[in-house]
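K.L.:
Shown below is the structure under consideration.
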Amino acid sequence: MKIFISSDMEGTAGIVDWEQCRPTGSQYGYYRELLEQEVNAAIEGAAAAGATEFLVNDSHAAMSNLRPDRLARRARYLSGRHKPLYMMQGLDPSFDAVFFVSYHGSMSGAASALSHTYNPRAIAEVRLNGIAAGEAGINALVALGHRVPVVLITGDDVTAGQFEPFCPAAEAVVVKTSVSRFAADSLHPEQARELIRDGANTAVRNLGDAAPPAIALPATLTVRFRNADLAEMATWIAGVIRADDLTVHITDDDPVRLYRAFVTVVLLTRGIAE
Ligand SMILES: [Zn+2]
């Protein structure tokens, strides 16, 4: 049984500041270890329920935050930048389930520690089929494309709530309650890991009932930018339609192609985002 894990970093218990999750930050070494242990808790919980193979796709910043030899159960490690499928690189139909570990809230939603949607300097809001979506909801498009269920998400309370419309049956493990974008009330890391281990275990045990993400096709991503120049630039990409000064939309019956178009929008607009 194969599990695909997309690991971010902002959703780890205890993390509330960019300096804690940037390699240049003085506290990064400590907080990356907390992230590693949450990823391992997910792996161990799944392994105890029968999972045998793990691929961890490092999805945070330069995407090389984990130390390969620290990963449990001899998990494979997909790391590094410029991945065509970005936070979902490596997923294919041979996997049985997807985990999102240490995810965070969307730019547009309620206060969530270190919230953003791919690029905080460019993107103000993303809607998927009209529903406000964070990275987890957007990334679920790729899982849908491969018909693999997303069965676990870990992070703060807001992140869990935002993901619910897209994968209502997924186990949501809340390891902290956000107070603001830069403050949260976190569980002790040991308790967070226990809950993640249990959540992963339950998710894998219940795999027989799991379904691919509940996203109707063709699907539409509506992206609102922080200024009109960014919206204009996005329309240089084929299939991206201007809706108003700040907003574009993309519609596709192929969810993986839709996700790729969105990633292209993210990468292109990064060039002029302040
Ligand atoms: Zn991140």
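Each reported figure results from applying straightforward, stated rules to the coordinates on display, with no laboratory input. Predicted model, so just to flag it, every value in this text is computed and none were measured. Please note: Cβ atoms are built from the backbone with ideal geometry, for glycine as well, and neighbour counts cover all protein chains shown.
K.L.:
Please go through segment 78-96 and give me each residue that is touching a Ser or Thr at 6+ places or on another chain (Cβ under 9 Å) and among the aromatic types (Phe, Trp, Tyr), ordered by number.
P.N.:
Answer for segment 78-96, where residues must be touching a Ser or Thr at 6+ places or on another chain (Cβ under 9 Å) and among the aromatic types (Phe, Trp, Tyr): just TYR86.
K.L.:
If I go through segment 176-209 residue by residue, how many of them are touching a helix residue (DSSP H, G or I) at 6+ places or on another chain (Cβ under 8 Å), among the hydrophobic types (A, V, I, L, M, F, W, C) and closer than 22 Å to ALA140 by Cα?
P.N.:
Of the residues in that region, 4 qualify.
K.L.:
Looking only at residues in segment 41-62 that are touching a residue at least 60 places away in the same chain (Cβ under 8 Å) and in a helix (DSSP H, G or I), which one is farthest from the ligand (Cβ to nearest atom)?
P.N.:
The extreme case among them is ALA48.
K.L.:
Suppose we filter PHE182, PHE163 for residues that are within 12 Å of the chain's Cα centre (by Cα) and either aromatic (Phe, Trp, Tyr) or farther than 30 Å from MET233 by Cα (or both); which single one remains?
P.N.:
Result of the check over PHE182, PHE163: PHE163.
K.L.:
Now, a different point. Is it the case that some residue within segment 17-31 is over 20 Å from TYR118 (Cα atoms), buried (at least 22 other Cβ atoms within 10 Å of the Cβ), in contact with a His (Cβ under 8 Å, 6 or more places away or on another chain) and touching a residue at least 40 places away in the same chain (Cβ under 8 Å)?
P.N.:
Checking segment 17-31: not a single residue is over 20 Å from TYR118 (Cα atoms), buried (at least 22 other Cβ atoms within 10 Å of the Cβ), in contact with a His (Cβ under 8 Å, 6 or more places away or on another chain) and touching a residue at least 40 places away in the same chain (Cβ under 8 Å).
K.L.:
Checking the structure you have, find out if any residue of segment 63-72 is in a loop (DSSP other than H, G, I, E, B), within 16 Å of the ligand (Cβ to nearest atom), of a type in the set (Gly, Ala, Ser) and over 14 Å from the mean Cα position of the chain (by Cα).
P.N.:
Yes, the conditions are met somewhere in segment 63-72.
K.L.:
How many residues does segment 18-31 hold that are charged (D, E, K, R) and either within 25 Å of ALA140 (Cα to Cα) or more than 13 Å from the ligand (Cβ to nearest atom) (or both)? Lay out the reasoning, then the answer.
P.N.:
Initial filter on segment 18-31 (charged (D, E, K, R)): 19, 22.
From the residues that got through so far, the ones that are either within 25 Å of ALA140 (Cα to Cα) or more than 13 Å from the ligand (Cβ to nearest atom) (or both) too are 19.
Of the residues in segment 18-31, 1 are charged (D, E, K, R) and either within 25 Å of ALA140 (Cα to Cα) or more than 13 Å from the ligand (Cβ to nearest atom) (or both).
K.L.:
Given the conditions (1) in contact (Cβ under 8 Å) with a residue 24 or more places away in the chain; (2) part of a helix (DSSP H, G or I); (3) surrounded by fewer than 16 Cβ atoms within 10 Å (Cβ to Cβ), which single one is not true for GLN37?
P.N.:
Condition (3) is where GLN37 drops out.
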